[in-house]
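For reference, the structure discussed in these notes is given below.
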Amino acid sequence: MKVSLFITCLADHFAPQVGEAVYRLLRRHGVEVDFPEGQTCCGQPSWNTGHLDDARDFARLYMKAFAKSEYIIQPSGSCAGHVRYFYPEMFPEGSRERQEAIAIGRRTYEFTEFMVRVLGVKDVGARFPGKAVFHNNCHMQRELKVQEEPLEMLRCVRDLELLELPRPDLCCGFGGAFSIKQPEISTAMADDKVDAIAATGANLIVSSDLGCLMHQGGRIEKRGLPIRTLHIAELLWEGVQQNVG
Amino acid sequence: MSAKTPFLERVEKALADDHLRGAVRYTAENLYLKRKAVMADLDVLAEKGEALGNFEELRARAQEIKRHTLAHLDAYLKQAAEQIRKNGGVVHWAKDAREANQIVLEICKKRGAKKLIKSKSMVTEEIHLNQALEAEGMEIVESDLGEYIIQLARETPAHIVIPAIHKTRRQIADLFGAVAGRELATDTKTLAGFARATLRQKFMTADVGVTGANFVVAETGTLCLVTNEGNGRLTSSVPPCQISVVGMEKLVPRLEDLAVMLNLLPRSATGQKITTYFNMITGPRRPGEPDGPEELHVIFLDNGRSNILATQYQEVLSCIRCGACLNSCPVYRQLGGHAYGSIYPGPIGTVLTPLLQGFDQWDELLQACSLCGACAENCPLGIQLHKHIIRLRGEAVAQGREHPLMRTALKAVHFAWTRPGVYKFVARSAHLGVKPFTRRREDGSEYLDNLPSIAAGWTNSRTMPAPARKPFHQRWAELQREEGAK
């Protein structure tokens with residue numbers, strides 16, 4: 001099986017190790033991976049801030065870069081959700097581009113969604129001591145309807161205690177440009193979320209979204225709390241290495 | 001620094017008010033969880049064949065009813081008006097708030113009415129009816145407990161269904177105590193008992209009762225009132241004259257449509273299967289009937305609604321004002337209603353207010369949303385509120401309503417990132433560009449702090465990861481070489 005990796009602008013800039021973890025986990029399960037040229041960003045920042053024409057340009061870029069890809073894997077539920085849920089809306093009904101957008105949305109997967117639903121892999125053979133909560137981002141749970149897959153993968157990690165997070169539906173307040181445009185509201189939401197997580201006794205927040213993790217992690221660092229944030233692919237790959245080593 | 005806008009001042013005030021935030025969070029959470037539980041029950045009942053349908057099925061039916069109604073709104077308004085007249089009621093049409101208030105005033109003057117009692121109604125808040133009547137020297141008293149509290153506090157509702165959601169028991173006891181002229185205890189029995197005794201008196205002496213309507217059935221001209229406290233029933237049965245102010249979108253075609261709507265409304269609003277009171281009012285008192293008003297007026301209000309018809313926002317008019325979007329909204333949860341500044345707060349207010357009243361005063365509301373989509377998920381009519389917020393942001397941006405620095409930043413990102421070569425160059429040099437703001441942790445890792453300009457919004461309360469010295473697309477080449485060497 002061959003898949004294409006869409007790294008996302010956030011992972012490319014701030015967390016290349018997440019891309020590497022996804023790559024290595026896929027390779028470990030016998031999947032061929034390519035990394036098509038010409039990819040940049042899914043365009044969600046433009047769309048969410050009302051720069052709708054600009055967002056369409058990004059959608060076209062993505063559709064062009066991945067035109068030949070059978071499966072497109074992203075380490076982000078938010079970006080994958082944007083592609084699948086919003087790309088079709090950007091083009092007039094009945095147009096060729098609309099059809100392309102729908103088709104590419106169907107070929108686009110968030111990482112854990114692909115691992116569990118397509119590959120049928122829940123246990124990657126990882127060991128990772130810690131007490132974790134999983135933070136599911138809004139677009140992943142509502143638009144992609146991916147809820148159980150990451151939890152199923154985390155439950156298979158040896159020595160990892162997965163704690164229940166109350167109100168997992170509640171947004172953490174990242175929201176892309178929202179976090180800069182309305183920093184006070186965004187931070188109040190982060191505190192609400194982080195306090196709820198701290199109350200579970202967790203020392204680890206795992207997510208499939210770097211935006212949420214940057215936001216929560218950045219707040220945690222300013223508050224000096226003993227909680228680490230980690231992308232799920234990174235946790236799984238670190239865990240595989242720990243288990244082997 | 002530019003001065004804070006009134007909206008940001010209200011946000012600041014709300015975020016600094018721990019009483020308010022505690023009260024809002026407690027009640028919104030409670031309502032959210034009750035709704036969730038009762039919808040889960042509904043799905044179980046439907047599975048057993050003991051309900052009209054599960055949530056998704058009822059939502060689809062409700063959507064279809066409203067879609068059809070709005071597509072033929074002119075015909076159904078005409079039918080409803082004919083039926084109301086046939087039943088002995090008087091129908092009025094109000095283009096805007098001023099006209100609606102004028103109509104109420106004229107009815108009162110004609111009857112020599114001075115005292116009015118009102119049951120819970122958002123639309124009369126929308127038109128500021130109380131202020132218009134008080135300016136003419138009339139007394140109008142709110143009879144819904146929550147509305148009564150905020151009327152005493154001289155405030156607007158902080159929630160569509162729970163107007164005094166932001167008030168603590170102590171605050172309510174103080175407001176009632178000021179009317180009673182003595183200190184009141186904070187227990188429910190004392191507080192509700194005081195309101196009951198006071199309001200009974202007002203009901204008995206009112207010249208006119210004012211209501212809204214949750215639904216108006218076009219085929220029969222029936223006004224429907226859904227309440228828990230019975231204020232709708234007393235308001236519409238004790239005073240000799242009833243005036244109902246109704247948003248023109250409140251119609252359903254047939255009586256049987258109510259079955260769908262009434263399965264959804266109380267469940268969505270308060271997590272109840274049914275409410276305590278449900279009134280269907282078809283005309284004034286008929287000869288031989290023991291109660292009800294001798295005169296019944298219905299005022300259909302436009303006030304900007306017809307501008308929404310036949311646009312991409314039309315489904316917003318299918319809102320049944322249950323408040324489920326407020327209770328599930330993570331922003332409302334932090335702010336409560338007053339920070340929005342609009343009569344309708346929360347997600348529905350964020351969309352409806354600029355649509356009804358324009359961008360000039362309300363474009364900023366569109367920013368009070370993280371686009372999480374919880375509102376649309378919980379909406380019993382499936383209104384895609386977060387999508388409408390994006391569309392409205394698009395219109396606002398097209399009109400140049402945007403922070404200039406934000407615009408510059410987003411345009412620069414668009415320019416650079418739609419050119420893959422430029423994108424790569426920028427990604428590789430990013431760590432150099434932010435050097436003055438790069439800090440080192442004890443473990444040697446790097447992060448950013450004290451960023452300038454609009455980015456300070458982030459680093460004032462959060463650190464930021466430092467850009468990688470080697471972005472993934474550069475690392476990819478190494479991974480490929482490694483693969484080749486195997």
TODO: Test B:Ser461 against the criterion of being closer than 25 Å to A:Ser186 by Cα, out of contact with any Leu (no Cβ under 7 Å at 6 or more places or on another chain), small (Gly, Ala, Ser) and modelled with pLDDT of 95 or more, and give yes or no.
DONE: yes
- [ ] Go over the candidates B:Glu147, B:Glu229 one by one and state the one that is at pLDDT below 95 and either assigned to a helix (DSSP H, G or I) or in contact with a helix residue (DSSP H, G or I) (Cβ under 8 Å, 6 or more places away or on another chain) (or both).
- [x] B:Glu229
Task: In segment B:185-213, the residues that are open to solvent by 10 Å² or more (accessible area, probe 1.4 Å) and closer than 21 Å to B:Ala23 by Cβ - done: B:Ala185, B:Thr186, B:Asp187, B:Thr188, B:Lys189, B:Thr190, B:Leu191, B:Ala192, B:Phe194
- [ ] State the number of residues belonging to segment B:443-466 that are facing another protein chain (nearest Cβ under 9 Å) and part of a helix (DSSP H, G or I).
- [x] 6
TODO: Select from segment A:156-202 the residues that are assigned to a helix (DSSP H, G or I), facing chain B (nearest Cβ under 7 Å) and under 19 Å from the mean Cα position of the chain (by Cα) and list them in ascending order.
DONE: A:Phe178, A:Ser179
- [ ] Quickly run through segment A:1-24 and pick out the residues that are without any contact (Cβ under 8 Å) to a residue 24 or more places away in the chain and not aromatic (Phe, Trp, Tyr).
- [x] A:Asp12, A:His13, A:Pro16
Open item on the list: With the requirement that a residue be more than 23 Å from A:Cys172 (Cβ to Cβ) and not in a helix (DSSP H, G or I), what does segment B:350-368 give you?
Closed with: B:Gly358
- [ ] Please enumerate the residues belonging to segment A:82-91 that are under 16 Å from the mean Cα position of the chain (by Cα) and surrounded by 19 or more Cβ atoms within 10 Å (Cβ to Cβ).
- [x] A:His82, A:Val83, A:Arg84
Open item on the list: The conditions are (1) open to solvent by 30 Å² or more (accessible area, probe 1.4 Å); (2) in a loop (DSSP other than H, G, I, E, B); (3) at the interface with another protein chain (Cβ under 9 Å from one of its Cβ atoms), and A:Glu20 fails exactly one of them. Which is it?
Closed with: (2)
- [ ] Within segment B:412-420, identify whether any single residue is in contact with a Phe, Trp or Tyr (Cβ under 7 Å, 6 or more places away or on another chain), facing chain A (nearest Cβ under 10 Å) and not in a helix (DSSP H, G or I), and answer yes or no.
- [x] yes
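Each row is one residue, and each column tells you yes or no for (1) closer than 20 Å to A:Gly175 by Cβ; (2) in a helix (DSSP H, G or I); (3) within 15 Å of the chain's Cα centre (by Cα); (4) more than 14 Å from chain B (Cβ to nearest Cβ).
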| site | (1), (2), (3), (4) |
| --- | --- |
| A:Ala80 | yes, yes, yes, yes |
| A:Glu93 | no, no, no, no |
| A:Glu97 | no, yes, no, yes |
| A:Ala101 | no, yes, no, yes |
| A:Pro129 | no, no, no, yes |
| A:Phe134 | yes, no, yes, yes |
Open item on the list: Of the conditions (1) among the polar types (S, T, N, Q); (2) more than 14 Å from chain A (Cβ to nearest Cβ); (3) in contact with a Leu (Cβ under 7 Å, 6 or more places away or on another chain), B:Gln357 satisfies every one except a single condition; which number is it?
Closed with: (3)
Open item on the list: more than 19 Å from A:Pro16 (Cβ to Cβ) and of a type outside the set (A, V, I, L, M): which single residue out of B:Ser429, B:Ser445, B:Ser461 fits that description?
Closed with: B:Ser461
- [ ] Mind counting the residues in segment B:432-442 that are open to solvent by less than 40 Å² (accessible area, probe 1.4 Å) and assigned to a helix (DSSP H, G or I)?
- [x] 0
Task: Residue that is surrounded by the fewest Cβ atoms within 10 Å (Cβ to Cβ) [pool: residues in segment B:369-391 that are among the small types (Gly, Ala, Ser) and assigned to a loop (DSSP other than H, G, I, E, B)] - done: B:Gly382
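The values are calculated or read from the model by the stated rules, or taken from the named source; none is laboratory data. Just so we're clear, the structure is a prediction, and the values are computed from it rather than from any experiment. Cβ sites come from the backbone with ideal geometry, for glycine too, and all protein chains shown count toward neighbours. These accessible areas exclude ligands, DNA and RNA; they are computed on the full protein's heavy atoms, side chains included. Shrake-Rupley method; radii C 1.70, N 1.55, O 1.52, S 1.80 Å.
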